[in-house]
1. Which condition number in (1) at pLDDT below 95; (2) in contact with a His (Cβ under 9 Å, 6 or more places away or on another chain) is the one that Ile92 fails?
2. When the residues of region 143-196 are filtered to those that are of a type in the set (Asp, Glu) and in a helix (DSSP H, G or I), which remaining residue is nearest to Arg101 (Cα to Cα)?
3. Conditions first: (1) closer than 27 Å to Ser146 by Cα; (2) under 16 Å from the mean Cα position of the chain (by Cα). Leu68 passes all but one, so which condition is the exception?
4. Test Asp171 against the stated conditions and say whether it is modelled with pLDDT of 85 or more, out of contact with any strand residue (DSSP E or B) (no Cβ under 8 Å at 6 or more places or on another chain), surrounded by fewer than 16 Cβ atoms within 10 Å (Cβ to Cβ) and not hydrophobic (A, V, I, L, M, F, W, C).
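The values are calculated or read from the model by the stated rules, or taken from the named source; none is laboratory data. Remember, it's a predicted structure, so these values are computed and weren't measured experimentally. Don't worry about glycine lacking a Cβ; one is built from the backbone with ideal geometry, like all the others, and counts go over all protein chains shown.
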Amino acid sequence: MIIYRRMQHQENRGGAMDLQELLRGCEKSDRTAQAALFNLSKDGILHVCLRYSKNEEQARQIFKETYLSIFSSISSKSQDQEFDDWLKTQVINTAVQVLQRNKQEYKIVSTANAQNPGLHPDTIPDTEIMQNMDSSDVLKAIQALSPAYRVVVNLHLIDNHSFRKISEKLDVAEVTIQMNFEKAMYQLRKNLVQLTTASRAE
């Protein structure tokens, strides 16, 4: 989200709140401070919401609940924690909670994906996926995953959570998380191959 960089840019132009001043204002429910924080962080937070959601409607729901969480708990942020890291934790935790709320849709999948000999998803390395993370095809491929797969891919591949940390966050055995990540990555690559093939056919 890089809030600091945006704030430094505005400070160079003049008229921007100092970060600590902004946080103190938000703790007091000051509308000006809250609006400033919202404007500085909304693009980065929406991008994370889109990664964790199946569509824009669900992303907007996560987005709304994230800001409710931010403004209600901002006073609990520890002094030694980077503000960007704290914001990202808020949006990730909210996204996981929203997805887990739908018990029928969210479940840890234990069945393996059938191999399709017409596609070669294993030829797409993780580095290529990460390098193209801002592309619309990668976002569509992530959103097309089942909620459980989408969460694991986001937490481990993109947000750098260890399997142990994910296991604790989701209250699921670590070995199950590892197996689902492997299956999720296969499905993600398969989605990317299908999207790429469709684009070339147009």
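1. (1)
2. Looking at the filtered set, the residue picked out is Glu168.
3. With respect to (1) closer than 27 Å to Ser146 by Cα; (2) under 16 Å from the mean Cα position of the chain (by Cα), Leu68 is out only on (2).
4. Working: modelled with pLDDT of 85 or more: yes; out of contact with any strand residue (DSSP E or B) (no Cβ under 8 Å at 6 or more places or on another chain): yes; surrounded by fewer than 16 Cβ atoms within 10 Å (Cβ to Cβ): yes; not hydrophobic (A, V, I, L, M, F, W, C): yes.
Yes; evaluated as a whole, the condition is true for this residue.
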